[in-house]
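To start, the structure itself, in structure tokens.
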Amino acid sequence: MSLTVLNAIIAVVIAIGFAALNAAYLVWAERRGAGRIQRRPGPNVNGPLGLLQPLADGAKLMTKQLMIPGGADKALFMVAPVLAMAPAIMSFVTIPFSDVIVAKSMDVGVLMIFAFASLGSMSILFAGWSSRNKYGVMASVRAVSQAISYEVPMLITVITIVMMTGSMNLHDLAVSQAGGFWHWNIIPSLASPLMPVSFLIFFICSLAETNRAPFDLGEAESELVAGFHTEYGSMGFGLFFMGEYANIVIGASLITILFLGGWGCPFGLFPSVFWFLLKIYLLIATFIWIRWTFPRTTIYGLLNLSWKILIPISLFNLLLTAGLLKVF
Amino acid sequence: MGAYFSEIFRGLQSLAIGMGITFREFFKPVVTVSYPMETLKMSARYRGHIELVEDEKGQPKCVACGMCQRACPSGCISLASESVEYEVEEKGETKTKKKKVLTKYNLNFTTCSLCGQCVENCSFGAIDFSKEYNLASSRKEDFHFDLLQRLKERNS
Amino acid sequence: MNPTVALSQAPGLLTADGLAGVVFLIMLATTIIGGIIACNAERLVRAVAGLIVCFIGVAAMYYYLNSPFVAMMQMLIYVGAVCITIAFAIMLASPEENKKHGPAGPLSGPLGIVTAGLVTFGMGAMALKTDFIPMPKINMGTVENIGVELLTTYSMVFELVSIVLLISIIGALVIARQGRSK
Amino acid sequence: MSAPIHIQPGETFTLNVGPQHPATHGVLRVKLEMDGEYIVHAETVLGYIHRMHELMGENRTYPQVLPNLSRLDYLGALGYTHGHVLAVERASGIEVPERAEYIRAITVEMNRIASHLFWFGAFVMDLGGFTPLMYAIQDREYILDILERVTGSRLTYCYYRFGGLYNDIDDEFIPATKAFIPRMRESLKKYDALVTGNIILQKRLKDIGPLSKELCRKYGATGPVARGSGIDFDVRKNEPYSVYPEFDFDIPVYHECDSFARYKVRMDEMEQSLRIIEQGLEKLPDGPIMPAKKPKLIKPPAGDYYQAVETARGSFGIRIVSDGGKNAYRFKLRSPTYSNMHLFDEACEGMLIMDALALMGSLDLVIPEIDR
């Protein structure tokens, strides 16, 4: 077998492993974090600090029977959870964790992540529709309209950044911000005075795209029971869960690369993978922190936010940056 | 236009304030009690299920008058007694007197509503609340208490 | 072109070229299976699922043909936008899922089979008759190349792509309105 | 938001919310006829935990009914037992010592705060924010601890007796309550910053779920629901009972009629209850907690008696028709949530489901109290 094929396989296995490990331990981190915010300990019985809790949860989910509700569309019902997890793992392939650690550096890396993210919303749609549950259908329609409306400002913001850097390669994007935090994209420069706003828009959009609170309308438990995965149990539910956390990691990685200088150190010294991990976990901690602070938005409030605030501002920013890039 | 931006700004500000509060709470100590590992002491007036009170000789104080049974809204107390003849020396002569002795005192805790009227209505102070709250079972029979038996077990 | 000769010259299965051929066949199969599902599914949502499978197969082929940008655009536009719009239209449209039992169109029955046969034969004959020459690689299919080409040589095609999107949106709206006014 | 499109017949579907649904907080069932996410018609279905409390009141002696009343509303139980003892005392003409009345008022107000706190947490949880529930429960625990030391139970109290109380307050009650008041004020500030000021919450509640004054009158809504719609009615002020005339407190009334107005009414009421507790502790007289002369057997003279009290959820009325016997001839409970809930059917028509469930949360439903 040729070396390139072997490399690809190893890369994919590492990507799956990283995604699964993150998904498992982010659940633990989320529960511990929520516990601390609410002044309770969180899971602390299984193992030291409850660190074995994800294993117990995993064992429970795997050994449970997979129930398929009567009248459900079996094929789509089975496919949907896989479709939720697979694109997330695929996106890991192109994310550069450091100068050298990347499975496959692609010239269109940014595009690839968005292309596969669009598959994720299809999985929600299929899950809700195929389980033949009214709550599921309502939730899936909500989640998809949400996904569509937040992809627009997100892509416009990405275009702004790509325009400044002149590349869609995630590696190039990160390298262009090397050498201290004053080179990062989040810091406003002459050509892009509105970058902090862009960052905020991108951050909000990635919260919405990953269906995180306060935008978790697809699984609004007080209205729609559990939303699109109401009928899922055992590993079907597990895959949705893991997919969600894998998506969070991808969202955080993307923010880190686009705005926070990738694996670069804030002071321009020793760029390494640790900086990258530190940044993405700080961002994920912020995601968790936000989730346990705010109530949920309404569906129309969410769409209003996207179409009336985020899209106009990001479009304005795009035009402004384009104009200023010509000037300077 | 001004209102549009000021609303965005005020909104963001309110979100930041909220996040500040949860951030401060994050570093405060945990307030919950990890129940099976640590427990709290019940307050002095805590009303658990009832228990018979014993006198100095270790016998139940109860005289089987049945007031508690009549006061109970749920009818969860059932007691029985028998007359026992006993002899006392009074003014130099031995007399035979009759006395009611408790033979059975059952509490059906499944229907008890812990109102405390039995204890309130007892003129002899013969029943009292226990401080037990760790009652859990999947069998109904586990909550049919034989209080006399429990009293004996406590004494032995 | 003698097929037996081609087969004898075929590379071994475990060489890089052989594996690439297998991957190519998988992509082909994905596309065809997706198309079959899309055409024959009784439920409309399944048809959309088939369409997605088909599009993914096509996107994979673009990637295989060294054009990652087009592949990603195929995914982003067809799977991410068109298919979701179609799915939305289905959800807004009338809820009946029964198979239509009305009079069949003119291209069904024996006539349909004949037409299908003719088309297949014509395509097959064309494919076999054409003398395929491996073309030299013009460019890397990078963003820059494509951008320049799109806005100069192929600007007309570029505009047509946006018409595809426009049509899908209008179609969704039309179906949605019909469902409402019934 | 209301339905912008005229709904065609045959285009709706039925959504069954409950009896087990996270938003109904109990075994309430609502049959919703939906057009997409819009509600066309709603029908509440009751009776899943009907326990015949009224009939129980008729075939048991008056003291035996005492524990039943606290089972009506497990969150604000003391208010209901207060109503019961006041009604029976009025019927049989029992004088209550002043100290007992003051202790009753203080404990009822503490229970009201506990009930509002739990509502606050559960309501914000309905809206998707989980953390405020934990903070609210944490504050509520202080109240429950204080009440447990006095009454002996944490939730379904059976503390009041005809003529007075089961037992007097203990030594720790007054210092503990005095320590609790500033802590609670601190917490209320925290809730204001964390929840009330939050833009997401305001967007979800302001102008959502309007209940007009007429609608409230039509269904007989009382309590915070009516006061959020501009009806200035509170039994404590309008038909004073117990020692409430001695206290200086305000009745918060809001005229916006939306969910946010009902939210604000309850948040303000907590502050007013704190004021009552403060004054009550100051004025608390010494003396007995039970009247010196109390009939051994409660047998009200024949007649028809009614007593209303303001509980955490609204006006709770208890009607006793006595024929002079040991049991009531007729025992009728007017529970506030029953009236408040029936607004929902009419009010939620044309609303989005998530707004309707926010409206339902703002009504502060306790299902055992509706079903009785």
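The values are calculated or read from the model by the stated rules, or taken from the named source; none is laboratory data. Computed from a predicted structure; not experimentally measured. Glycine gets a Cβ as well: all are built from the backbone with ideal geometry, and neighbour counts include every protein chain shown. Surface areas here come from the heavy atoms of the whole protein model, side chains and all, with no ligands, DNA or RNA. Shrake-Rupley method; radii C 1.70, N 1.55, O 1.52, S 1.80 Å.
Within the range A:4-21, can one find any residue that is over 30 Å from residue C:22 (Cβ atoms), in contact (Cβ under 8 Å) with a residue 60 or more places away in the chain and either within 23 Å of the chain's Cα centre (by Cα) or exposed (fewer than 15 other Cβ atoms within 10 Å of the Cβ) (or both)? No, there is no match, as no residue in the range A:4-21 is over 30 Å from residue C:22 (Cβ atoms), in contact (Cβ under 8 Å) with a residue 60 or more places away in the chain and either within 23 Å of the chain's Cα centre (by Cα) or exposed (fewer than 15 other Cβ atoms within 10 Å of the Cβ) (or both).
Within the range D:244-259, one or more residues are of a type in the set (Gly, Ala, Ser) and open to solvent by less than 10 Å² (accessible area, probe 1.4 Å).
Consider the range B:9-25 and keep the residues that are surrounded by fewer than 17 Cβ atoms within 10 Å (Cβ to Cβ) and more than 19 Å from residue D:202 (Cα to Cα). The one that is farthest from the other protein chains (Cβ to nearest Cβ) is B:24. If you go through the range D:299-306 one residue at a time, do you hit one that is open to solvent by less than 10 Å² (accessible area, probe 1.4 Å) and within 21 Å of the chain's Cα centre (by Cα)? No, the range D:299-306 contains no residue that is open to solvent by less than 10 Å² (accessible area, probe 1.4 Å) and within 21 Å of the chain's Cα centre (by Cα). The set of residues from the range B:40-74 being open to solvent by 40 Å² or more (accessible area, probe 1.4 Å), closer than 20 Å to residue D:144 by Cα and either at pLDDT below 80 or of a type in the set (S, T, N, Q) (or both) is empty. Within the range A:176-195, does at least one residue satisfy the condition of being under 26 Å from residue C:147 (Cα atoms), out of contact with any Ser or Thr (no Cβ under 8 Å at 6 or more places or on another chain), away from chain D (no Cβ under 14 Å) and modelled with pLDDT under 85? Checked against the condition, which is being under 26 Å from residue C:147 (Cα atoms), out of contact with any Ser or Thr (no Cβ under 8 Å at 6 or more places or on another chain), away from chain D (no Cβ under 14 Å) and modelled with pLDDT under 85, the range A:176-195 yields at least one hit. Look at residue B:113 and say whether it is open to solvent by less than 70 Å² (accessible area, probe 1.4 Å) and part of a loop (DSSP other than H, G, I, E, B). Yes.
In the range D:168-227, counting only helices (runs of 4 or more DSSP H) that sit wholly within it, the ones holding 1 or more residues that are surrounded by 15 or more Cβ atoms within 10 Å (Cβ to Cβ), away from chain B (no Cβ under 14 Å) and touching a Pro at 6+ places or on another chain (Cβ under 8 Å) span D:223-227.
Yes or no, residue by residue, for (1) open to solvent by less than 10 Å² (accessible area, probe 1.4 Å); (2) out of contact with any helix residue (DSSP H, G or I) (no Cβ under 6 Å at 6 or more places or on another chain); (3) touching a residue at least 24 places away in the same chain (Cβ under 8 Å):
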{"residue": "A:221", "(1), (2), (3)": "no, yes, no"}
{"residue": "A:230", "(1), (2), (3)": "no, no, yes"}
{"residue": "A:237", "(1), (2), (3)": "no, no, yes"}
{"residue": "A:242", "(1), (2), (3)": "no, no, yes"}
{"residue": "A:246", "(1), (2), (3)": "yes, no, yes"}
{"residue": "A:253", "(1), (2), (3)": "yes, no, yes"}
{"residue": "A:256", "(1), (2), (3)": "yes, no, yes"}
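Taking the range A:67-89 as the range and being assigned to a helix (DSSP H, G or I) and in contact with an Asp or Glu (Cβ under 9 Å, 6 or more places away or on another chain) as the test, the residues that pass are A:77, A:84, A:88. Among the conditions (1) at positive phi; (2) modelled with pLDDT of 80 or more, the only one that residue A:127 does not satisfy is (1). When restricted to residues that are open to solvent by less than 20 Å² (accessible area, probe 1.4 Å) and either over 17 Å from the mean Cα position of the chain (by Cα) or more than 18 Å from residue D:355 (Cβ to Cβ) (or both), the range D:262-278 contains 9. Hey, residue D:105 hits all of (1) among the small types (Gly, Ala, Ser); (2) more than 14 Å from chain A (Cβ to nearest Cβ); (3) closer than 20 Å to residue A:38 by Cβ but one; which does it fall short on? Only one criterion in (1) among the small types (Gly, Ala, Ser); (2) more than 14 Å from chain A (Cβ to nearest Cβ); (3) closer than 20 Å to residue A:38 by Cβ is unmet by residue D:105, namely (3). Close contacts from the range D:347-363, counting a first residue that is within 10 Å of chain A (Cβ to nearest Cβ) and farther than 23 Å from residue D:223 by Cβ and a second that is assigned to a helix (DSSP H, G or I) and open to solvent by 10 Å² or more (accessible area, probe 1.4 Å), with Cβ to Cβ under 7 Å and a gap of 6+ residues or different chains, come to D:354/A:299.
When B:113, B:34, B:14, B:83 are screened for being without any contact (Cβ under 8 Å) to a residue 60 or more places away in the chain and in contact with a Gly (Cβ under 6 Å, 6 or more places away or on another chain), only B:14 passes. If the condition is being open to solvent by 40 Å² or more (accessible area, probe 1.4 Å), in a loop (DSSP other than H, G, I, E, B) and within 14 Å of another protein chain (Cβ to nearest Cβ), then the range B:126-156 contributes B:131, B:132, B:133. For the range D:341-356, the set of residues classified as assigned to a helix (DSSP H, G or I) and open to solvent by less than 10 Å² (accessible area, probe 1.4 Å) consists of D:341, D:343, D:344, D:353, D:354, D:355, D:356, listed by residue number.
Residues in the range A:285-308 that are away from chain D (no Cβ under 12 Å) and not hydroxyl-bearing (Ser, Thr, Tyr): A:285, A:287, A:307, A:308.
When the helices (runs of 4 or more DSSP H) confined to the range C:1-109 are screened for residues that are among the basic types (Lys, Arg), at pLDDT 80 or above and surrounded by fewer than 11 Cβ atoms within 10 Å (Cβ to Cβ), none reaches at least 1 such residues. Pull up the range D:123-146, narrow it to residues that are aromatic (Phe, Trp, Tyr) and open to solvent by 50 Å² or more (accessible area, probe 1.4 Å), then point me to the one that is nearest to the other protein chains (Cβ to nearest Cβ). Filtering the range D:123-146 for residues that are aromatic (Phe, Trp, Tyr) and open to solvent by 50 Å² or more (accessible area, probe 1.4 Å), the one nearest to the other protein chains (Cβ to nearest Cβ) comes out as D:130. Residues that are open to solvent by 80 Å² or more (accessible area, probe 1.4 Å), at pLDDT 80 or above and either closer than 20 Å to residue C:81 by Cα or touching a His at 6+ places or on another chain (Cβ under 9 Å) (or both) within the range C:140-162 comprise C:159, C:160, listed in sequence order. Checked against (1) within 30 Å of residue A:46 (Cα to Cα); (2) surrounded by 14 or more Cβ atoms within 10 Å (Cβ to Cβ); (3) not aliphatic (A, V, I, L, M), residue B:29 passes all but condition (2). Take the residues of the range D:155-167 that are surrounded by 17 or more Cβ atoms within 10 Å (Cβ to Cβ) and touching a Leu at 6+ places or on another chain (Cβ under 8 Å): which is farthest from residue D:282 (Cα to Cα)? Going through the qualifying residues, I end up with D:156. For the range B:37-80, a residue qualifies if it is more than 13 Å from every other protein chain (Cβ to nearest Cβ) and in contact (Cβ under 8 Å) with a residue 60 or more places away in the chain, and the qualifying residues are B:51, B:52, B:53, B:54, B:58, B:60, B:61, B:62, B:63.
When residue B:89 is tested against the conditions (1) more than 29 Å from residue D:296 (Cβ to Cβ); (2) in a strand (DSSP E or B); (3) within 12 Å of chain D (Cβ to nearest Cβ), the lone failure is (3). Applying the condition of being open to solvent by 40 Å² or more (accessible area, probe 1.4 Å) and β-branched (Val, Ile, Thr) to the range A:70-121 and asking which residue is farthest from residue C:76 (Cα to Cα) yields A:100.
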